[in-house]
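Reading through the structure tokens given below for one structure.
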Amino acid sequence: MNQFSSSTPPTIGIPTTKDLLARPVAISLENVGFAYPNNPDILQGVSFSVREGERVGLIGHNGCGKTTLFMLMCGMLKPQTGDICLFDRPVQPGEFRPEVGFLFQDPEDQLFSPSVRDDVAFGPQNLGLSETEVAKRVEAALELTGTQFLEDRPPHHLSGGEKQMVAIAGLLAMCPRILLYDEPTASLDLRTRRRLIRFLQQSDETLVLASHDLEFLLEVCDRIILLDEGCVIADGDPVEVMGNQTLMENHGLEKPHSLIPHVEPHHVRPNSDEYARTSTTGP
């Protein structure tokens, strides 16, 4: 296992199958830098590319720049240095790019219509599509996300998890080629989370997912990028990157539970007999 540090360029261990290398580059960032007035070093010289159809997980502690990076990719912010291209075309601040969809951390920020159906239809309608095509896209998006039963309800009457899935349906109805998911499992119960995992595993779109749910990323992604100190610290296979306990702890994260071998009892409650035995025997 390679060691990673912020003082050296990241080690790259990206899968390089012939099929993947034959695909066009969907997202390209070259030496991208950005600063807020109160955070001058949020991103510094970030460079990586994502090929069409890849599923890439973006990890890092709170405030490391994951959401900022998504906003730069969408043209909501302008990089102060460097270049960002989607399918070889530069991203222009404020330009509408229907080929990219961005799921915000808080679904409340993208649900505003009187009903779920109206909300999901909003994007396709603004693409100038016919009523028939809009209806087809809405039905397909609701079916994919399992939200057909919510179509007549006001979005503000839904639970957090339901709002999240409806927001995803609204993105899917646009038929984007790139989807940026910012904390997509944050409001989901276990059943809905599992449905989302299965859906994303079968997705053909190019996916970049920022999440603190590392077990979720292990199931969905074929590549992980770790951000810290404004830089790409590691870029490679999910198990190799997230399985490196020293690397993860050095950058404010924990090794996923499923990657820790459990030779001894774990999740022992302090008032249990097992806790008493292990406490008295000691190492």
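The values are calculated or read from the model by the stated rules, or taken from the named source; none is laboratory data. Keep in mind the model is a prediction, meaning the values are calculated, not measured. A quick note on method: Cβ atoms are made from the backbone with ideal geometry, for glycine too, and the neighbour counts reach across all protein chains shown. Remember, those area values only see protein heavy atoms, side chains included, never the ligands or the DNA or RNA. Shrake-Rupley method; radii C 1.70, N 1.55, O 1.52, S 1.80 Å.
Some points to look at:
- Spatial extent of region 37-142: Rg and Dmax, with the Cα atoms as the point set, Å: 16.6, 49
- Over the C-alpha atoms of region 145-266, the Rg to Rh ratio, Rh being the Kirkwood estimate, stands at 1.02.
- Accessible surface calculations at 1.4 Å, restricted to protein heavy atoms, place region 119-213 at 46 Å² per residue.
- The GluC sites (Glu not before Pro) of region 80-146 that meet both conditions, a loop assignment by DSSP and at most 11 other Cβ atoms within 10 Å of the site Cβ, are 95.
- With DNA, RNA and ligands ignored, accessible area of residue 67 (1.4 Å probe; Å², nearest 10): 50 Å²
- Largest-first ordering by accessible area, 1.4 Å probe, given options 187, 203: 187, 203
- Summarising the label geometry, the points placed 7 Å from Cα in the beta-carbon direction at residue 96 and residue 135 lie 2.4 nm from one another.
- Built amide H within the under 5 Å cut-off of residue 234, gap 5+: 226
- Pairwise Cα distances in region 87-215 exceed 18 Å for 52 percent of all pairs.
- In order along region 211-219, phi translates into HN-Hα couplings of 7, 8, 7, 5, 5, 4, 5, 4, 7 Hz, rounded to whole numbers, per the Karplus curve 6.51 cos²θ - 1.76 cosθ + 1.60 with θ = phi - 60° and x for Gly and Pro.
- Nonpolar atom fraction for region 64-123, defined as the carbon and sulfur part of the 1.4 Å probe accessible area, stands at 53 percent.
- Remark: the Cα gyration tensor places region 91-156 in the oblate category, a/c being 1.5 or greater and a/b not exceeding b/c.
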